[in-house]
Structure formats: structure tokens, C-alpha cells
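Note sheet for the following structure.
The values are calculated or read from the model by the stated rules, or taken from the named source; none is laboratory data. Since the structure is predicted, the reported quantities are computational estimates derived from the model, not experimental observations. All Cβ positions, glycine included, derive from the backbone under ideal geometry; neighbour counts span all protein chains shown. Accessible surface areas use protein heavy atoms only, side chains included; no ligands, DNA or RNA. Shrake-Rupley method; radii C 1.70, N 1.55, O 1.52, S 1.80 Å.
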Number of protein chains: 2
Amino acid sequence: MTGLADALTIEGEGALVMGHVHEGWDVFGIPHGGYLAALAGAAVLHGTDTPDLFSITVHYLRKAAVGPMRFDRTVVGGSRRFTTTQVTASQDGRPVLAIMASTGDRADLQGPRWGSLSDWDPAGSRLSPPAGAPEATFPSPAVAERLGLRMDLATVGFVTGDTSADASLRGVTADGPADQLTALLACDLTPPAVWNGMGREGWVPTVELTAHVRARPADGPLRIEASTRAVTDGFLEEDAVVHDATGQLVVQSRQLARWTAV
Amino acid sequence: MTGLADALTIEGEGALVMGHVHEGWDVFGIPHGGYLAALAGAAVLHGTDTPDLFSITVHYLRKAAVGPMRFDRTVVGGSRRFTTTQVTASQDGRPVLAIMASTGDRADLQGPRWGSLSDWDPAGSRLSPPAGAPEATFPSPAVAERLGLRMDLATVGFVTGDTSADASLRGVTADGPADQLTALLACDLTPPAVWNGMGREGWVPTVELTAHVRARPADGPLRIEASTRAVTDGFLEEDAVVHDATGQLVVQSRQLARWTAV
């Protein structure tokens with residue numbers, strides 16, 4: 001529906017596989033970090049017998065460009081449960097992403113359940129029109145339009161310069177199929193939460209993103225909650241949780257990002 | 001003072017360097033995950049011209065043992081500001097840790113400051129005797145004794161089976177020298193925070209730990225705050241923040257861990 005699966009195609013096998021950074025998955029011209037994380041996840045999983053990401057870390061070394069991306073994969077080893085892989089992604093011979101992930105099979109996972117990372121229900125919130133809709137009240141990047149992102153209007157103080165609230169944001173994607181790679185993209189889909197604390201006179205490029213995948217999502221809208229609590233020397237964390245339409249936790253992520261004044 | 005520096009010695013140069021997992025940095029016989037993360041950090045930094053860790057991720061593949069540890073290092077590349085390195089650590093020819101880190105030099109870092117990750121001041125808390133002291137009220141692993149960990153007694157419900165509180169724990173180390181590797185160890189130093197929610201009938205081995213180093217710590221006690229918010233299918237996050245004696249944020253970490261009933 002969003003066309004994401006077609007934009008995450010990987011070819012080849014073994015140590016070297018090839019992907020392609022597609023057009024239309026960008027933030028005002030720059031390939032989106034969450035999309036690149038999803039592409040990295042696809043490259044890690046491709047052709048293996050471990051269908052599920054458990055933890056994936058991506059370091060962003062330089063801007064990606066639309067075009068082919070080469071992934072050099074090294075299986076470091078594994079335990080009974082997990083396989084751990086290190087990957088470098090390069091374009092035109094230059095490293096763009098450094099990736100490490102542990103994968104496995106969660107089909108028969110059993111274990112206790114306790115606590116919660118969210119009590120938000122979008123049904124109780126006033127939502128913005130979908131990103132890119134004619135009636136949209138603020139500009140959205142192409143990647144947000146692809147997923148039909150709607151923001152909880154109680155959390156978009158940055159639009160009017162109101163920085164009095166917590167630096168947190170909530171949004172929900174359009175109805176549609178969902179899988180772990182969609183959820184991985186979604187954890188980076190909202191505007192920077194820190195804009196609600198410091199205003200939007202800064203760009204916040206990601207240094208590193210780590211995502212824990214906690215479940216295979218059910219199809220339907222994904223609920224995204226992002227927050228930043230501390231900026232120190234211009235560096236900040238951006239935490240996000242993604243829940244599926246059934247309220248199940250799917251992804252918990254954290255980025256280290258760097259405030260860059262514009 | 002704690003002897004940590006002597007337990008983090010790295011030898012060699014270039015792609016292959018050697019460390020040693022020392023005795024006395026364990027959790028009831030098993031080398032401590034935070035100590036291993038500090039050793040991994042030392043191995044990443046050794047002999048480079050980048051003195052500071054910014055983000056380090058460690059995947060724990062199998063139990064480490066006291067003895068030599070070999071680190072095979074690959075510099076993936078770097079931006080103007082960061083160098084990114086992938087490392088595998090092995091013992092007796094078997095992979096034990098998979099590591100990825102971005103390093104740089106924070107000496108002249110400048111940037112905005114906003115928000116906070118803590119409002120705790122140990123001076124206002126009733127603290128346990130130091131770990132390992134004759135008057136200690138609960139058993140502590142060797143690594144906690146090394147750092148003289150004292151727990152905020154308001155946060156040790158697990159000792160008496162009181163699981164009514166949030167799954168959070170606070171502690172403070174003894175006075176002494178502090179550096180980024182001590183802080184890295186410290187982010188994993190408390191008992192599992194989830195014990196305050198689910199009781200201590202579980203062991204919580206780390207699958208993956210990512211730590212953001214936010215500052216070079218001042219000498220003095222380190223304040224540690226750890227928490228868990230959600231367990232799903234037996235997997236959980238353990239978040240921790242470490243502040244130095246001046247109240248400065250030094251490390252923010254997150255683990256993916258797995259509940260294992262005992």
C-alpha cells in the first residue's frame with residue numbers, strides 16, 4: 001500500500017548483497033534515516049534463516065543518495081537463540097552506514113509480560129490531516145506522506161513556536177499492512193521531538209539509532225510516540241515507541257542525534 | 001582506587017589488540033556485562049587519536065571467562081567528527097562480544113543544553129551500607145563491592161519481595177576517580193530494576209547494551225538510576241543514566257535483556 005516493500009528489495013546472497021535507496025523516501029531531499037534503517041534491516045535479514053530482528057544499531061556516517069547501496073555482511077557468530085551480524089553499507093565506494101544486529105525467530109517465543117510503554121489511544125486525540133493532504137496545516141517530508149502520518153494536535157507546539165510543553169510528539173500512520181521494517185521506519189517518522197522544547201530552528205541529524213523489535217506487528221495503523229529529555233553540548237537522545245493497532249509494543253528505539261542550528 | 005584501570009589494559013596496535021578479562025569483576029562468578037562493555041570501550045579507543053566514546057553498542061554472544069580476550073578491529077569509516085569501528089571480541093577462538101562504536105574528541109564541543117534526565121540527589125536519600133561491607137543487608141556481586149555501591153533504600157523493594165513500586169533503582173558509587181569507562185561499567189552496576197516489578201526469581205542476561213557517553217565525568221561518586229518499563233514475551237529494556245558528582249549527565253544506556261526464570 002505504501003510501496004515500502006518494493007523500496008526495500010535486496011538482491012544477492014552471502015557476504016555481499018545489494019539494495020537501492022529509492023526516491024520518495026526522503027526528508028526534503030535527504031534519504032530518511034528510518035527508511036535507511038529499514039533498508040539496513042532488510043539487508044541483514046535477506047537470505048538468512050532468521051526472520052526476526054531483535055536489536056539493530058545503525059551509525060550514520062554520511063548522507064545517503066538515491067541509487068545503489070552495497071552491503072558487506074559478516075556473521076560474527078551466534079548463540080543458540082540469536083545470530084549477530086555486522087554490516088557496512090556503501091555507495092560509490094564510500095561507507096554510508098555501519099550496522100550491527102541480532103536476529104532470530106520469535107515464532108514460538110514465550111515469556112512473561114509486565115508493565116507498559118504507553119497509555120495513549122489515538123481515538124481520544126484530535127489528529128492533524130494526513131501528511132501531504134491538501135488541508136495539511138504544516139509541511140511534511142515525503143516519507144511522512146508515504147505513510148499518511150497524522151499528528152496528535154496536542155503535541156505540535158513547534159508549529160506555532162509554543163515550546164512550553166514536554167519535548168514529546170505523538171502520531172499515527174494510515175491504515176495498511178504493517179511489518180517489522182515498516183515499524184522500524186516509523187520509529188523515526190515524526191518531526192524531532194526536541195522541537196517542542198527548543199523550537200524548530202535546528203536540524204537534528206542522527207549519529208546512531210538502536211531499535212529493539214519486540215513483536216511482529218498486526219496490520220493496521222502504527223502509533224508512534226517520540227520524546228527527548230536532555231540536550232547536552234548539543235547532543236540529545238530521541239526515544240520512540242511504536243505500537244500496532246492492537247496496542248502491542250512493536251519497536252522501542254533510541255537515537256543519539258546532534259542539534260545543528262539552521 | 002577501584003583498580004579498574006589495571007583491569008582494562010589493552011596491548012597491541014592496529015587491527016588486532018589483546019585484553020584480559022580479570023578476576024574480581026564478576027556477578028557471582030560470571031564476568032560482569034558492564035565491565036565487559038568497559039573493556040570493549042578500552043579496546044575500541046586503544047591507540048587511536050579519538051579519546052572519547054560517543055556511542056557504543058555491545059552484543060553479548062556467550063558468557064565470557066577470566067582470561068585473555070582478543071579484539072579484531074575494523075575501522076568502517078568516519079565523518080569529519082566521528083570514527084566508527086566494528087570489533088569482535090573472542091576467547092579460545094569463539095566470538096564472545098560483537099561491538100560497534102563511534103568515537104571522537106569532545107574537548108572543544110559546544111552546543112545547547114536543555115532539559116534533564118534526573119532530579120535525584122543522593123544527599124536526600126537513605127543509603128544502604130556499601131556493597132560488601134560487614135553490615136550489608138543484602139548480598140552484592142564482586143563488581144558492586146569494587147565500586148562501593150550504595151543503594152537508595154527507598155528503591156530496594158526486591159530485597160523484601162515488595163514489588164509494588166515502579167521498576168526503578170537508584171545507587172551511588174564510592175568516592176574515587178571517575179572516567180568514561182568507569183561510567184560505562186556503572187550503567188550496568190545495579191541489580192536488575194525489573195526485580196522491583198517482578199521479584200527476583202529471574203536472571204536477566206543482557207542481549208545488547210548501547211550507551212551514549214555525554215560528557216567526561218568529574219572525579220567523585222557516580223549516581224546511577226536504572227529502570228524497566230515493559231516486559232514483552234520475556235524481553236525487556238533496562239534503561240540507566242549515570243551522573244557525576246557535579247550532577248552532569250555522563251552516560252545514558254539501554255539494554256535489551258531476557259528474563260530467565262531461576
query: Got a number for residues in segment A:225-245 being surrounded by fewer than 24 Cβ atoms within 10 Å (Cβ to Cβ), facing chain B (nearest Cβ under 10 Å) and assigned to a loop (DSSP other than H, G, I, E, B)?
result: 3
message: Filter segment B:147-168 down to the residues that are more than 20 Å from A:Gly115 (Cβ to Cβ) and among the charged types (D, E, K, R) and list them by number.
response: B:Arg150, B:Asp152
statement: Within segment B:61-95, residues being facing chain A (nearest Cβ under 9 Å), over 28 Å from A:Arg94 (Cα atoms) and buried (at least 22 other Cβ atoms within 10 Å of the Cβ) number 1
task: Considering each residue of segment B:44-57, count those that are more than 8 Å from chain A (Cβ to nearest Cβ) and closer than 13 Å to B:Val213 by Cβ, and give that number.
output: 7
query: Before we move on, is A:Ala40 away from chain B (no Cβ under 12 Å) and either of a type in the set (D, E, K, R) or over 19 Å from A:His243 (Cβ atoms) (or both)?
result: yes
- line: Filtering strands (runs of 3 or more DSSP E) wholly in segment A:4-96 for at least 3 residues that are touching a Pro at 6+ places or on another chain (Cβ under 8 Å) and within 20 Å of B:Gln86 (Cα to Cα) gives A:83-91
- prompt: In the set A:Asp219, A:Asp179, A:Asp175, which member is surrounded by fewer than 18 Cβ atoms within 10 Å (Cβ to Cβ) and within 13 Å of the chain's Cα centre (by Cα)?
  reply: A:Asp179
message: Quick test for you: out of B:Val250, B:Val231, B:Val242, pick the one residue that is touching a residue at least 60 places away in the same chain (Cβ under 8 Å) and on the phi < 0 side of the Ramachandran plot.
response: B:Val250
- prompt: In segment B:182-216, what residues are over 21 Å from B:Trp259 (Cβ atoms), open to solvent by less than 10 Å² (accessible area, probe 1.4 Å) and either within 11 Å of chain A (Cβ to nearest Cβ) or without any contact (Cβ under 8 Å) to a residue 12 or more places away in the chain (or both)?
  reply: B:Ala211, B:His212, B:Val213, B:Arg214, B:Ala215
query: Which of the residues belonging to segment B:96-148 are open to solvent by 50 Å² or more (accessible area, probe 1.4 Å), within 14 Å of chain A (Cβ to nearest Cβ) and touching a Phe, Trp or Tyr at 6+ places or on another chain (Cβ under 7 Å)?
result: none
